[in-house]
Every structure is written in structure tokens, then in C-alpha cells.
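Student: Let me give you the structure first, and then I'll get to my questions.
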Amino acid sequence: MIQKIIILLTISVLFLVLVFGCSSNGNNPGTSDAAEKVYVAPGQYDEFYAFMSGGFSGQVTVYGLPSGRLFKIIPVFAQHPENGYGYTPETKPMLQTSYGEIAWDDAHHPELSQTDGTPDGKWLFINANNTPRIARINLKTFETEEIIEIPNSAGNHGSPFTTMNTEYVVASTRFSLPIPQKDVPRSSYKENFKGTISFIKVNPENGRMNIAFQILVPGFNYDLAHSGKGPSHGWAFFTSYNSEQANTLLEINASQNDKDFIAAINWKKAEEYIKARKGKEYSSEYYHNTYNDETHSATSNIEKKILVLDPKDCPGMIYYLPTPKSPHGVDVDPSGEYIVAAGKLATVIPVHSFTKMLKAIENKDFISDINGIPVLKYESIIAGEVQDPGLGPLHTEFDGKGYAYTSAFISSEIVKWKLGTWEVVDRIPTYYSIGHLMIPGGDSKNPFGKYVVALNKITKDRYLPTGPELCQSAQLIDITGDKMKLLLDFPTIGEPHYAQGIPAEILMKNQRKIYELGKNGHPYGLKSEKDAKVERKGNEVHIYMSATRTHFKPDNIEGVKVGDKVFFHVTNLEQDWDIPHGFAVKGMHSAELLIMPGQTRTEIWEPKSEGVYPFYCTDFCSALHQEMQGYIRVSSSGSNTELKYN
């Protein structure tokens, strides 16, 4: 009997050792220790905001860290039925392009504005990859305020990365093109195709963007970027691949050369050339869309010209840094000294030294020249190589404590290594096929190095199955100790391509809670309920409608005819935080309206047949929300029904 008890106790101890021993390696998020670290009690706030790109959804999603709770979807490049973005006359101009209205795009890289190399919480920028555009989101309202189109570009992948004081957001073209566009054979790629690198100036007061200049570069594929900081402030770095300039079957033909390039651009030198009138004006039509918080409406302007610099005319402006092999990400460490490139087919991670780069330039240590761009000698600029970095290294972020973290797509892991010695000190598996990774502030001078977030492409076997399509995911990993520890994973909306994080306290104090009614400059906006009215202008009927808890004014309208175009201009008169009102009328073709306190939005409705149609509030606003409704009577086109309302 005693022997049986001893055996059972031994088995129990072994079981506990196995269970807790396995969890101690940091890969089991189901431990109470991990749960405690991610639990945010009701009424408590998360420590960080995380802004994740929606990838193919064209949107930005906002999560809290460490909880992984989804707070908001910010529509940017895609229509959003939840609030009518991209459907209403006030917001449709945001989606105008030189190709017409484009209500979708592929959003990849959110980027926070910075002051002195540190996220300042003013704005978030993000790129549209397919129809090249850059958007600016105001972090007081979490709304998209501006979208500018990038001409002479295709596949706006390498953008929008900010310079140290947000002087510029930079962008590069993935697909080189004939510039200006023309009908040429694809076989003439080397002769006719060029790339562009764009510098978009940002107004420090209001964030307004304008394209200051573009640089014409050889027809490689320009992939990603990051700007210098500290001693490298004034420079920006862009990866490129397909230096072979192949034009077919690129998975083979663009992988022939052992080294491709990082393009190092001295943008302060470029500014000097612009002042010296070295730029050439190119004709190019592109849209610039801006949203006004006082008129609650967006407008589109068409730009016609752009300044272009050619490296042949601008010595000292751009250099190529040889980098193995098919480099994807390029990242600059917090000190601004090290430029880390991740060759997705390379066996090492090369780290270039900014100091050595300047010395090589001074010594003219060049190995060749490509279209006026000197190519520096690899051995002269390299600071070190990280050995055994995982298979398919893509992106690197920094914790501010002397360590770098690189995502390895093929081997599905994050590899931690030490700056200066280049030794790998830790690695942790991810689930699966990690692309980007994010440390809050991890691409800045002052990272908030508490967590790294893995942004994964595949979740097979991770969550409840949902048919052929499974969600994508993010994983939260604790990096406060020597060893990385997995705390949590959570599904994401769309593709979480890249993310940026910032302490919540920086944003919370600046949040806008209402739009002041007194400043409502919408031409159809109301200041009070007594201003509600209905006007006929030919076959247009304009309804100036107010919304308050818990009624519309007017709530009964007669005299509308078949063939009329009816404009419901609805102003939410509330001046209380978190009290939006919604609007929908039976048979309408667009999305509902969701109207914030003090805001005006318009629904256009074209009745096709006689009858009496109800409208109602779509956003639950109070106990009598169901009573917030009304009717609009539609008579025949030839009727003489009097226009009246109450």
C-alpha cells in the first residue's frame, strides 16, 4: 500500500513538473501568470494603444494592450457601413483618386508622428498599397482627415515612414513604371522603367501634407523604408530588390544577384537641390482630399505638377548600400548608428554602420555607379552580421535596452539578438508565418520596451474553425526579462500587416469628446431644433433634420414625389460624449448614417414608388430609442400634395 502511495505521489510530482516546467518556457499562454499579466479589470484601462493595419480591409483597427481588446475600426481607404464613411456626400470625396472613386485599398504600414524621434500622439499615417495613397488620421478624433495620392508610383509598399520630427513621411514605389506613363513593350523594362521615391512634407501645426519632391531612381522594386535619427537624422533608407531588373518570373529571376541594395538618401541635400532649382517639373494629375472638422465635410483638389530630382544632377544625394539578399525590411536602431537590413533570402542579418557609411562616402570607396548613384563597398560599411537569424528574416524592432528583435517568416519565430556583439540570445516560436512585429515605440529613439507583438498570417488549428477562411492573429510576448514569454494571442480583423503602439496616457488627455454645435459650419447644419425645416428646390427636397434623445425634428414629412431626390441632412444636437445617433429610411441604397454629437451627415434617398416610408434611429441611444422614428409620405410624380412637416 505504501509503495502504491509513493508511486502515485511520484507520478503526481512528475506531472506537475511536466505541466509547470513546460509552461515556464514561455510558450504556453494558458498559465495563471500570463493571465494575470494581460488581465485588465472592468473599469481599468489598457496601458497601450495598438494601431494595426487592416491589410486587405483597407482600414485601421485599434486594440488595447495587454488585453488584446478591440476598441475601434477606423475607416481609411474603404467604405465603412457601420458609420457611413465613404457613402455620404460629406465623406465620399475622401475616396476620390485620379482613377475615379476607389472604395477599397490594401493598407499596410501605420506610422505614428514623431517629435525628436519619439511618438508624440498627434497623427497616424498609413499607406494604400494598390492605388498609391497616404492617409493621415487625427488621434484626437481617431478619424481620417486627409488622403493624398502618390503619382508616378505603383505598389506604394515602402511608406509612410516618418522622419525624426515628422518633417516628411516618405514613400517608394514597389513596381517601377514608365515615367511618364506610356505604351511600351514589357521587354523594354531596363530601358523604359523607373522607380520613384517621394518625400511628403507635413505641416507641423495641422499635419497637412503635400508632396515636396520625388527622386527618380533605377527601375528596381523598392520595398520598405525607415528614416535616420540622432546622428543619421537627415537621411532615409529604402530597401530594393530585383536589381537584375527582370520582367518575368521574378521569384527566380529577381533572386540571381547575391546582393541587392539599400538606397540611402540624404534628404537635406535633396532640399538644397530643390532650393537650387535642380528639380524638374513633371505634369502629373493626382488627388488631395481633406476633411474639415467644422464643416464636417471633405473636399477634393486636383494637383497638376510635381517636382522631380534626378540623381545624375544631384551628386551626394543618394548612395546604394549592397545588402544580401532580396532585402525586405530596413530598420534604424534607437541610437541612429545601425541600419539593419533583413534579406529575406539571406543567411545572415547584415547591420550597416552609419559612421562607416559616411567615411566610405568621404573616401569615395565605391565599387560602381548606377545611373549616377555610387555603390559603396560592402566591407567598408558593414558593422556586423547576425549569424543564425532564423529563416526568412523580415523586420526588426528594438527594446531600447540594447536588443533587437527580428521576425523570421519561414521558421515562424522571433529572434532576439544583441546590438554590438550581434549574438543571438533568445528565440521564441510564433503561430504561424510571422510578418511584421511591433514593440510600442520600437522604431523610435525611445522604445517603450515591455511587449513585442507578433503579427501572424496563419492561424490553422489555433481557434475554432470558421470554414475555409480563418482569421489572422496577433501574439503578445513579454520582453521584460532575459527570456521572451508568450502571454496572449488574439484574432485580428483583416491582415494585421504592421502595427504601431503608444502609451495610452499620451493619447487619452487629448481626446475630443464632442463637436461644438456653435462651430458647426456645415451648410445644412442646425444649431437648434427650431431651425429644422424642409425645402424644395426643383425636384430636390432638402430636409434640415435634428436628432436628440429621443426624437427627430421633423418626424413627419409630406409632399415628396416619386422622382424627387431627397436629402436628409441630419444634425446630432447632443453635446454629450458617446451619444451618437443613427439614421436609416426604408429602401435606402447606401449605408446608415452614424452622427457624432454636434456633427451633420447627409443621406440621399430617391423614392421609386408611392407610399409612406418609415425612418428611424439605428444607434441605441436611450430607453426610448425605439420611439425615435418618423414617416415620409411619397405621392405620385404629378400629385399636388402640399409640402409640409412637423
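The values are calculated or read from the model by the stated rules, or taken from the named source; none is laboratory data. From a predicted model like this one, the values you see are computed outputs, not experimental measurements. No Cβ is skipped: glycine too gets one built from the backbone with ideal geometry, and neighbour counts run over all protein chains shown. For the accessible areas, the whole protein counts, side chains as well, though only heavy atoms, and no ligand, DNA or RNA atoms are used. Shrake-Rupley method; radii C 1.70, N 1.55, O 1.52, S 1.80 Å.
Student: In the stretch 205-245, which residues are more than 20 Å from residue 308 (Cα to Cα) and assigned to a loop (DSSP other than H, G, I, E, B)?
Tutor: 205, 206, 207, 208, 228, 229, 233, 242, 243, 244, 245, listed by residue number.
Student: Restricting to the stretch 137-147, what's the tally of residues that are under 17 Å from residue 502 (Cα atoms), open to solvent by less than 10 Å² (accessible area, probe 1.4 Å) and in a strand (DSSP E or B)?
Tutor: 1
Student: Right, something else. So, in the stretch 575-604, of the ones that are over 31 Å from the mean Cα position of the chain (by Cα) and open to solvent by 10 Å² or more (accessible area, probe 1.4 Å), which residue ends up nearest to residue 542 (Cα to Cα)?
Tutor: Within the stretch 575-604, the subset over 31 Å from the mean Cα position of the chain (by Cα) is 585-588.
Now narrow it down to the ones that are open to solvent by 10 Å² or more (accessible area, probe 1.4 Å): 586-588.
Details: 586: 17, 587: 18, 588: 16 Å.
Among residues in the stretch 575-604 that are over 31 Å from the mean Cα position of the chain (by Cα) and open to solvent by 10 Å² or more (accessible area, probe 1.4 Å), the one nearest to residue 542 (Cα to Cα) is 588.
Student: Just to be sure I understand, how many residues within the stretch 221-235 are open to solvent by less than 10 Å² (accessible area, probe 1.4 Å) and farther than 17 Å from residue 341 by Cα?
Tutor: So the count comes out to 1.
Student: Given the residues 134, 179, 150, which is the only one that is open to solvent by 20 Å² or more (accessible area, probe 1.4 Å), among the aliphatic types (A, V, I, L, M) and either closer than 19 Å to residue 204 by Cβ or touching a Ser or Thr at 6+ places or on another chain (Cβ under 8 Å) (or both)? Give the steps one after another, and end with the answer.
Tutor: Numbers: 134 fails: open to solvent by 20 Å² or more (accessible area, probe 1.4 Å); 150 fails: open to solvent by 20 Å² or more (accessible area, probe 1.4 Å).
Only one candidate passes the filter, namely 179.
Student: So which of 522, 569 ends up being open to solvent by 10 Å² or more (accessible area, probe 1.4 Å) and not β-branched (Val, Ile, Thr)? Don't jump to the end; show me each part of the working.
Tutor: Details: 569 fails: open to solvent by 10 Å² or more (accessible area, probe 1.4 Å).
When all the criteria are applied, what remains is 522.
Student: A follow-up question, please. Being out of contact with any His (no Cβ under 8 Å at 6 or more places or on another chain), of a type in the set (A, V, I, L, M) and assigned to a strand (DSSP E or B) is the filter here, so list the residues in the stretch 546-565 that pass it.
Tutor: Correct list: 557, 560.
Student: Please work out which residue is farthest from residue 580 (Cα to Cα), limiting yourself to the stretch 53-77 and to residues that are open to solvent by 10 Å² or more (accessible area, probe 1.4 Å) and part of a strand (DSSP E or B).
Tutor: Ranking the qualifying residues of the stretch 53-77, first place goes to 59.
Student: Keeping to the stretch 605-646, report how many residues are outside any loop (DSSP other than H, G, I, E, B) and over 35 Å from the mean Cα position of the chain (by Cα). Give the steps one after another, and end with the answer.
Tutor: Here is the first cut: in the stretch 605-646, the residues outside any loop (DSSP other than H, G, I, E, B) are 605, 611-616, 625-627, 629-635, 644-645.
Right, trim to over 35 Å from the mean Cα position of the chain (by Cα) and you get 611-615, 625-627, 629-635, 644-645.
Residues meeting the conditions: 17.
Student: Residues in the stretch 546-565: is at least one within 32 Å of the chain's Cα centre (by Cα) and open to solvent by less than 60 Å² (accessible area, probe 1.4 Å)?
Tutor: For the stretch 546-565, residues within 32 Å of the chain's Cα centre (by Cα) and open to solvent by less than 60 Å² (accessible area, probe 1.4 Å): absent.
Student: Another question, then. Condition first: surrounded by 18 or more Cβ atoms within 10 Å (Cβ to Cβ), among the charged types (D, E, K, R) and out of contact with any Lys or Arg (no Cβ under 7 Å at 6 or more places or on another chain). Can you find one or more residues in the stretch 501-513 that meet it?
Tutor: No - not one qualifying residue is present in the stretch 501-513.
Student: Looking at the stretch 614-646, which of its residues are more than 30 Å from residue 576 (Cβ to Cβ) and not polar (S, T, N, Q)? Don't jump to the end; show me each part of the working.
Tutor: First, the residues of the stretch 614-646 that are more than 30 Å from residue 576 (Cβ to Cβ): 633-644.
Passing the criteria: 633, 634, 638, 642, 643, 644.
Student: Still on this structure: Hand me the list of strands (runs of 3 or more DSSP E) wholly inside the stretch 311-384 holding 3 or more residues that are open to solvent by less than 20 Å² (accessible area, probe 1.4 Å). Break it down into steps so the answer makes sense when it comes.
Tutor: Values: elements: 318-323, 327-332, 338-343, 348-353, 366-370, 373-376.
The qualifying strands (runs of 3 or more DSSP E) are 318-323, 327-332, 338-343, 348-353, 373-376.
Student: Of everything in the stretch 22-52 that's assigned to a helix (DSSP H, G or I), over 23 Å from residue 493 (Cα atoms) and open to solvent by less than 40 Å² (accessible area, probe 1.4 Å), which residue is modelled with the lowest pLDDT?
Tutor: Among those that are assigned to a helix (DSSP H, G or I), over 23 Å from residue 493 (Cα atoms) and open to solvent by less than 40 Å² (accessible area, probe 1.4 Å), it is 23.
Student: Moving to a separate point now. Specify which of the listed residues (236, 298) is closer than 21 Å to residue 166 by Cβ and in contact (Cβ under 8 Å) with a residue 24 or more places away in the chain.
Tutor: On the way: 298 fails: closer than 21 Å to residue 166 by Cβ.
When all the criteria are applied, what remains is 236.
Student: Still on this structure, please answer the following. I'd like the full set of residues that are under 26 Å from residue 515 (Cα atoms), among the β-branched types (Val, Ile, Thr) and in contact with a Leu (Cβ under 8 Å, 6 or more places away or on another chain), limited to the stretch 525-580.
Tutor: 534, 548, 550, 570, 571
Student: Pairs needed: first member in the stretch 207-228, at pLDDT below 95; second member anywhere, open to solvent by 10 Å² or more (accessible area, probe 1.4 Å) and in a strand (DSSP E or B); C-beta distance under 7 Å; at least 6 residues apart or different chains.
Tutor: If the second residue must be open to solvent by 10 Å² or more (accessible area, probe 1.4 Å) and in a strand (DSSP E or B), the pairs left are 223/241; 223/328.
Student: Kindly provide the set of residues from the stretch 479-517 that are within 19 Å of residue 443 (Cβ to Cβ), at pLDDT 95 or above and in a loop (DSSP other than H, G, I, E, B), ordered by number.
Tutor: Listed by number, the residues that qualify are 479, 484, 498.
Student: Working only within the stretch 525-545, note down all residues that are closer than 21 Å to residue 596 by Cβ, in a loop (DSSP other than H, G, I, E, B) and either at pLDDT below 95 or open to solvent by 60 Å² or more (accessible area, probe 1.4 Å) (or both). Before you say what the answer is, go through the steps one by one.
Tutor: First, pick out the residues of the stretch 525-545 that are closer than 21 Å to residue 596 by Cβ: 525-529, 531-532, 543-545.
Add one more test, that the residue is in a loop (DSSP other than H, G, I, E, B), and what stays is 525-528, 532.
Within the stretch 525-545, just 527 meets the criteria.
Student: Then there is this: Looking only at residues that are part of a strand (DSSP E or B) and in contact with a Gly (Cβ under 9 Å, 6 or more places away or on another chain) in the stretch 411-425, which one is farthest from residue 458 (Cα to Cα)?
Tutor: Going through the stretch 411-425, the residues part of a strand (DSSP E or B) turn out to be 413-418, 424-425.
Pick out the ones that are also in contact with a Gly (Cβ under 9 Å, 6 or more places away or on another chain) and you get 413-415, 418, 424.
Working: 413: 13, 414: 15, 415: 19, 418: 29, 424: 26 Å.
Looking at the filtered set, the residue picked out is 418.
Student: Which of the residues spanning the stretch 78-126 are of a type in the set (Asp, Glu), within 24 Å of residue 201 (Cα to Cα) and open to solvent by 10 Å² or more (accessible area, probe 1.4 Å)? Don't jump to the end; show me each part of the working.
Tutor: Residues of the stretch 78-126 of a type in the set (Asp, Glu): 82, 90, 101, 105-106, 111, 116, 120.
From the residues that got through so far, the ones that are within 24 Å of residue 201 (Cα to Cα) too are 105-106, 111, 116, 120.
Within the stretch 78-126, 106, 116, 120 meet the criteria.
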